[in-house]
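Values in this text are rule-based calculations from the coordinates and carry no lab data. All of these numbers come straight from a predicted model, not from anything done at the bench. Note: ideal-geometry Cβ built from the backbone for every residue, glycine included; neighbour counts use all protein chains shown.
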Amino acid sequence: MAQPSLKLPLTLLAVLFAPQSASLFAQASNGTRILVCESSNNSCSQPGAPLDTTWTFNGTTGSATSAANPSGSRLTIDKFDSGAIVVQRADDAGPTPGLTATYSGAVHGTQITGTVQYSWPGHPDYPATGVFSAVLQDSMAAPIAAPQPSPAASSALPPNLLVCENHGACNAAWIFTGSEGTGTWFLRNPVTAILIVEHAEPDYLRIRRTDTTDGVSAIYAGSLHGDHYSGTIVYSSPDHPGEATGTWTATIPQTNCDPAANLDSPAALRIGQTALMFHKDRDAFTCYIAAANAGDSTAQTAVGLIYYQGRGDIPQDYAQAFLWLHKAADQGVYAAQRLVAEMCTAGQGTQKDPTLAGIYTARADEQKHDLERQQDLADRAADRNAQVTSSFVLGATFGAFLFF
């Protein structure tokens, strides 16, 4: 029976076999081979089974050579991670034109074992099943341990990275200390994760993410391109390894608003938001106050909240908080309207004023009611992406109860 040719991106090949040094990846860069045994019975599961087919990987395409099928086969990866792989095969020529197959296997270091489901329309012996086993040829004699942090990561990777996924908003803050770190995704319900840098060189970066709440994990593989990293992501859940893939980019975040730069309000707001994501409260305040003075309502809300809570070396000041929140409330910001109502009721930063409190409470309730009529948050995010991301960042920092 014709044997397959597996197609693996080189960075993802490194993920699958998790080498402990750069040597294997260096070999993969010039083409990596896997030796394969495939049969319709259990012979390939036995020790010493003949590995008589060679799968050659080169980027996202590959070929197979064997005595039975010298013309090769095409394959496409559906799912994969460090523990599992699913591959679709299609034969265009050779002894089995029209044959397709699905390979489902488990990855154990350099070893792959699994089953095959064949289909060949018009042939009476199909559908059929088989088994396959494979060995990464370049590391056949080097069983690989569980992934560990890269000892060189602390010097090779910036301590802070602002991350964007799948061409969406740049709403993730990665903070590293050496080869370990934490990540926060500023969403409606913020997500936090533990990060392990498994390899860090300019030509190859691999980071493993494990979410702290639901067990979701991901592998980020990529490389440095000028001033940013970019690459691919493989997402896994506990019951569905490699269930989705994506792309990512990361840059060193700008968190300081230089007065000499004459930044406009949107730029100051963006930098202030980034500074807040990385816990740089003083830098965030400097940027937000510049945008607030220019009339930006989101920045006015942020300044008011910083004064309301007091953060870092910025002392609590209810009078200043009320001043800025009142400005934002009059521009229709829900969080500001709600807090202004509470401050008027309690007499914080202003005299007690039940009438004014009632006015701003009514305005806030009206906005909340309007929001509840919008069933799809994605539609709102498409219209007000920057504002929504800002509300998620502010909500995660100051209290999600304040924000949409």
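Given the Cα-Cα distance of residue 232 and residue 123 and 0.36 nm per residue of separation, how much length would full extension add, in nm? Let's see the in-between values first.
Values: separation 109, 0.36 × 109 = 39.24 nm, distance 3.91 nm.
Length difference between fully extended and current span is 35.3 nm.
In whole Hz, with x marking every Gly and Pro, tabulate ³J(HN,Hα) for the stretch 342-349 from phi via Karplus 6.51 cos²θ - 1.76 cosθ + 1.60, θ = phi - 60°.
5, 5, 5, 5, 8, x, 9, x
So for each of 86-92, 122-128, 186-192 I average, over its residues, the number of other beta carbons within 10 Å; can you give me the resulting order with the highest mean first?
Details: 86-92: 18.4, 122-128: 10.4, 186-192: 15.6.
The peptides rank, most packed first, as 86-92, 186-192, 122-128.
D for the stretch 153-251, whole µm²/s, Stokes-Einstein with Kirkwood Rh over alpha-carbon pairs at 10 °C and 1.306 mPa s: what number? Present the calculation step by step, with values, prior to reporting the outcome.
Values: Rh = 13.4 Å.
Answer from the Stokes-Einstein relation: 118 µm²/s.
Report the full-extension gain for the segment residue 355 to residue 68: residue separation times 0.36 nm, less the Cα-Cα distance, to one decimal in nm. Each step should come with its number before you reach the end.
Working: separation 287, 0.36 × 287 = 103.32 nm, distance 8.72 nm.
Full extension of this stretch gives 94.6 nm more.
Would you please report the Å³ per residue occupied by the convex hull of the alpha carbon atoms in the stretch 285-337?
Working: hull volume 3.1 nm³, N = 53.
Value for the stretch 285-337: 58 Å³ per residue.
How long are the semi-axes of the equivalent ellipsoid of the stretch 285-374, taking √(5λ) for every eigenvalue λ of the Cα gyration tensor, in whole Å from largest down?
Values: eigenvalues 92, 56, 20 Å².
Value: 21, 17, 10 Å, ordered largest first.
Apply the Karplus curve 6.51 cos²θ - 1.76 cosθ + 1.60, θ = phi - 60°, to the phi angles in the stretch 249-262 and return the couplings in whole Hz, x for Gly and Pro.
9, 8, 9, 6, x, 8, 10, 10, 9, 6, x, 6, 7, 6
Roughly speaking, what is the centre-to-centre gap between the stretch 287-305 and the stretch 228-246 when only Cα atoms are used, to the nearest Å?
Each part's Cα centre sits 37 Å from the other's.
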